[in-house]
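Beneath this line is the structure, given in structure tokens, with notes to follow.
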């Protein structure tokens, strides 16, 4: 069954937290493109928690991708910031940045419609966190190496590695039109709370996508359904590709946050046909 990855949580504060320190660049990283990529992009990865009525009700991930003036912009999923009727009060959004003990207030800038366009942008003022820009070109091929940095189970940020396991393209208007990915899949192993995690290519470290969800298979132990686990299926992690994100930004008047890809996003008229993750956590 498909899963969206925002994870319910129980804690006292709403934070969008950047991990305290990125890995150090060392001799091993110079000889290991994957390690070098992680060290390059890790500082831009964040984790998200939503709280309502003093209780943390949702945890997820995000990636800082642009700065404008004193604001930093973060990509995540629309279902992460979507309100719930079960919440006692509207959710508050704050972030916790390395070196700043007090949480910083964040706001939703734009949000798509779930499940067709599960992308959102939030902004925080006064946090000069590192950013990883959205890739301006869509040149991914089957088998290309990727890394995913997110916060599974609402805990600290962690790294998962994999490959591009599937590419689904938009329908081109003409035979000469360039092919643009509408959806990607990867076999990188992720878990609940990884919604909105950044997906980066190796060795360039470009932000090539955003985790949307994954498909699971229910495995029961014996005849009792009470003893069952939803196990992620290899190669079935859904990723919103850079072209889809750039189109979302252009549609919301935010193309200035993705220089180099705005024209391509505006020109793309075929609707994205990304597989949606239907059940929410």
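Each reported figure results from applying straightforward, stated rules to the coordinates on display, with no laboratory input. Quantities reported herein were computed from a predicted structural model and do not represent experimental measurements. Neighbour counts are summed over all protein chains in view; Cβ atoms, including those assigned to glycine, are modelled from backbone coordinates with ideal geometry.
Side notes on the structure shown:
- Here 82, 141, 68, 92 are placed in order of increasing Cβ neighbour count within 10 Å, fewest first, which gives 141, 68, 92, 82.
- Fewest-first ordering of 93, 48, 149 by other beta carbons within 10 Å of each residue's beta carbon gives 93, 149, 48.
- Alpha-carbon radius of gyration plus Dmax, which is the widest Cα pair, for segment 34-96 in Å: 14.2, 44
- Descending by average beta-carbon neighbour count within 10 Å, the peptides 246-259, 50-63 line up as 50-63, 246-259, the highest first.
- Orientation-averaged projection of segment 74-153 equals 8.1 nm² [convex hull of Cα atoms, one quarter of hull surface area].
- Footprinting exposure proxy for 65, 153 (fewest neighbouring C-beta atoms within 10 Å first): 153, 65
- Nitroxide proxy distance, nm - points 7 Å out along Cα→Cβ at residue 204 and residue 108: 3.2 nm
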